[in-house]
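S.K.: Quick one: structure below, then a few questions.
FYI, it's all coordinate maths here, none of it is from the lab. All values derive from a computational prediction rather than experimental measurement. Positions of Cβ are backbone-derived with ideal geometry, glycine not excepted, and every protein chain shown enters the neighbour counts.
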Amino acid sequence: MEIALLVILSYLIGSFPSGVIIGRLFFHKDIRNYGSGNIGTTNTFRVLGKPAGIIVLIMDISKGVIGTSLPLWLGYGHTYLMLVAGAAAVIGHCYSIFLKFTGGKAVAASAGILLAYEPRFFIVAVLIFLVLVLLSSMVSLASILGSILIVLLSLFLKDPIFTAFLAIIACLLIYRHRSNISRIKNGNESLVPFGLVYHLKKN
């Protein structure tokens with residue numbers, strides 16, 4: 001029963017709609033009505049600006065960190081239960097009970113799981129993501145390819161459960177980006193205003 005309550009609490013933490021709250025409180029905008037309509041970091045940057053984007057990024061990563069850390073804080077130790085709780089937070093982020101089971105695309109919250117459970121992989125994931133964004137000028141493509149590369153790199157840890165968990169998260173992330181994948185195929189995915197592809201198209 002205690003573990004079930006822990007997972008539910010983690011889900012509720014993940015469900016906190018950071019982008020929507022920041023947009024409504026400080027900008028009097030529902031971010032779902034602007035840009036891509038997504039509540040995550042990228043759309044927040046695009047619609048509300050850098051300060052709001054940074055705040056939402058930190059909040060969304062923190063949801064993954066807090067959800068994943070709950071078992072540790074409650075005395076269960078550094079166990080796979082942390083991954084279960086982290087997954088509940090990510091599901092809450094993607095399918096928030098406060099937004100009629102809609103939500104973000106799992107990237108920042110999933111990064112929070114890595115930060116809490118395996119900080120070395122968090123650093124690796126951030127570096128991979130930044131390199132891919134600089135090459136592709138697309139946050140979506142960097143997120144998709146980055147999640148796949150992280151799964152492959154996790155094989156070196158020789159922890160099959162952790163690798164399987166990352167593979168499941170990667171599948172969820174790719175599924176949540178299916179509209180982006182369609183736009184990438186059609187050549188009309190939004191670009192960030194920097195990076196190789198952006199400069200090639202601009203010139």
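S.K.: I need the full set of residues from the stretch 11-33 which are of a type in the set (A, V, I, L, M, F, W, C), touching a residue at least 40 places away in the same chain (Cβ under 8 Å) and either part of a helix (DSSP H, G or I) or within 11 Å of Ala52 (Cβ to Cβ) (or both), in order please. Step through it out loud before you land on a result.
M.R.: So the first thing to find is which residues in the stretch 11-33 are of a type in the set (A, V, I, L, M, F, W, C), and the list is 12-13, 16, 20-22, 25-27, 31.
Subset that is touching a residue at least 40 places away in the same chain (Cβ under 8 Å): 12-13, 16, 20.
Correct list: Leu12, Ile13, Val20.
S.K.: Can you tell me which residue within the stretch 38-71, out of those that are free of Cβ contacts under 8 Å to residues at least 24 places away in the same chain and part of a helix (DSSP H, G or I), is surrounded by the fewest Cβ atoms within 10 Å (Cβ to Cβ)? Please lay out each step first, then the result.
M.R.: Of the stretch 38-71, the ones free of Cβ contacts under 8 Å to residues at least 24 places away in the same chain are 45, 49-51, 53-54, 58.
Add one more test, that the residue is part of a helix (DSSP H, G or I), and what stays is 45, 50-51, 53-54, 58.
Numbers: Phe45: 19, Lys50: 9, Pro51: 12, Gly53: 20, Ile54: 13, Ile58: 14.
Among them, the one singled out is Lys50.
S.K.: Could I ask something else about it? Return the residues of the stretch 1-28 that are exposed (fewer than 15 other Cβ atoms within 10 Å of the Cβ) and within 28 Å of Leu72 (Cα to Cα); say none if nothing qualifies.
M.R.: Applying the first criterion (exposed (fewer than 15 other Cβ atoms within 10 Å of the Cβ)) to the stretch 1-28 yields 1-5, 8, 24-26, 28.
Of everything in the stretch 1-28, those that are exposed (fewer than 15 other Cβ atoms within 10 Å of the Cβ) and within 28 Å of Leu72 (Cα to Cα) turn out to be Met1, Glu2, Ile3, Ala4, Leu5, Ile8.
S.K.: In addition: Taking only the stretch 73-94 into account, find how many residues are surrounded by fewer than 19 Cβ atoms within 10 Å (Cβ to Cβ) and without any contact (Cβ under 8 Å) to a residue 40 or more places away in the chain.
M.R.: The total comes to 6.
S.K.: When you check Leu135 against the structure, is it more than 23 Å from Gly103 (Cα to Cα), touching a residue at least 24 places away in the same chain (Cβ under 8 Å), surrounded by fewer than 18 Cβ atoms within 10 Å (Cβ to Cβ) and touching a helix residue (DSSP H, G or I) at 6+ places or on another chain (Cβ under 6 Å), yes or no?
M.R.: Values: more than 23 Å from Gly103 (Cα to Cα): yes; touching a residue at least 24 places away in the same chain (Cβ under 8 Å): yes; surrounded by fewer than 18 Cβ atoms within 10 Å (Cβ to Cβ): yes; touching a helix residue (DSSP H, G or I) at 6+ places or on another chain (Cβ under 6 Å): yes.
So Leu135 fits the description; yes.
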